[in-house]
1. Could you tell me how far the Cα centroid of the range 338-352 sits from the Cα centroid of the range 110-150, in Å?
2. Report the normalised scattering of the chain as log10 I(q)/I(0) at q = 0.09, 0.14, 0.15 Å⁻¹, calculated by the Debye formula with identical scatterers on the alpha carbons.
3. Any chance you could run the full-extension gain for THR199 through ASN76? It's 0.36 nm times the residue separation minus the Cα-Cα distance, nm to one decimal.
4. Skipping prolines and chain starts, which residues have an amide H placed within reach, meaning under 5 Å, of the one on ARG79, given they are 5 or more residues away or on another chain?
5. If I take all pairs of Cα atoms in the range 252-303, what percentage of them are more than 11 Å from each other?
6. Note the direction-averaged projected area, equal to a quarter of the hull surface, for the Cα convex hull of the range 152-303, in nm².
7. Gap in Å between the Cα centre of the range 226-241 and the Cα centre of the range 258-325?
8. Could you state the angle between the C-alpha long axis of helix 339-351 and the longest principal axis of the C-alpha atoms of the chain, as a value from 0 to 90 degrees rounded to the nearest 10?
Amino acid sequence: MAVDAGLPMDSSGDVRNRWRALVVLVVSAVVAAACAGGEDSEPVTLSLGYPFAADHPVRVGVLDQWAEDVWEATGNTVRVEFHPEQALSTAAETYGNVAAGGQDIGWALQGYSPGRFPATGVVEMPFVFGSGAQATMTLWALYEEFEALRDEYADVKVLGLWTSGPGDLWLVDGTASSVTDLAGLTLRSPTPVQAAVITALGAIPVNMAAPDMRAAIDAGEIDGLLTVDTALATHNLTDVIASGTECRCYVLASFLVMNLDTWNGLSPDQQAAMDGVAGRTVSDAAAGFYDRASITAAQENAAAGIVKIQLDDDQLDEWKQATRSVVDDWADSNPGFDARAMYERMLELAAG
């Protein structure tokens with residue numbers, strides 16, 4: 001999932017940065033004191049493999065800084081080394097490779113591994129979230145409340161869980177405000193959940209990686225796509241998209257996880273230092289980055305002449321009713337946990 005890496009921080013981002021700097025400073029002081037007390041820690045290099053490009057904006061805008069925070073917080077004893085573009089494992093195998101010890105840390109989308117994260121998939125249900133920050137806060141609350149969700153990550157150390165901002169519908173020709181406008185259209189889908197949404201709306205889904213979207217449009221293979229607004233510029237789509245529909249059709253979850261043996265091989269002080277800059281700290285930073293990038297992208301798309309349709313309450317309700325089967329099918333296909341209770345709790349949390 002691509003975002004605009006060149007977005008300046010807003011005032012809320014400055015506040016978060018100051019708090020992050022304070023966290024790093026405090027944890028670094030604790031670790032330094034431990035080392036001064038006689039503990040002689042050899043520097044450790046952790047491999048972080050991921051399937052995206054080396055200059056992926058979340059890597060550049062969030063994870064590079066996080067790696068620096070880890071280095072500083074651990075008193076210069078833990079270094080993170082990045083391995084992009086599936087160098088250590090395929091996108092679908094990233095999580096499993098971390099759990100098996102093939103790499104120390106992995107970052108990817110849960111949706112790349114169909115069937116592995118059924119409980120986490122609750123946050124990908126359509127028409128729920130208005131921002132990545134809202135979805136990420138909800139995801140963490142569900143993680144803490146529901147054992148079924150925590151169990152999905154029992155074989156790794158969770159360093160971060162976050163989501164993208166909302167993905168919308170984009171068309172090459174015409175506009176869409178009613179479900180009937182989508183009948184028979186061929187639309188790109190990012191994950192299986194969104195493929196089910198597209199089918200329920202009467203269109204034809206084609207699972208496709210983001211870098212392939214432009215070629216598919218040029219070849220006439222798709223009539224439109226589901227993606228985040230930042231992807232239009234990143235994947236050179238601005239000149240071939242006529243309109244968008246702000247449907248808040250989905251968010252995509254991401255993980256940042258670490259091999260348990262590697263984690264347990266760190267000293268207690270190193271673990272405490274990493275905990276201080278991981279978890280919600282790095283997750284909120286990633287979600288906030290997505291949201292700030294989305295604001296800039298929306299302005300750029302409008303300036304490029306792309307019309308963005310805003311669904312009114314009645315229209316959105318029509319889309320929700322048409323896709324109710326997606327939620328029902330997800331719940332019915334997961335009898336191992338109370339999926340409906342999890343979904344209803346998610347709606348409560350999202351509503352604030």
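Taken together, the values in this text are just the output of simple stated rules run on the coordinates, not laboratory data. Everything numeric in this text was worked out from a predicted model, so none of it was measured.
1. Answer, in whole Å: 10.
2. -0.50, -1.16, -1.31
3. 39.2 nm
4. HN-HN under 5 Å from ARG79: VAL44, THR45, LEU46.
5. The answer is 76 percent, as a whole percent.
6. Mean orientational projected area (the range 152-303, Cα hull): 10.4 nm².
7. Answer, in whole Å: 18.
8. Rounded to the nearest ten degrees, it is 90.
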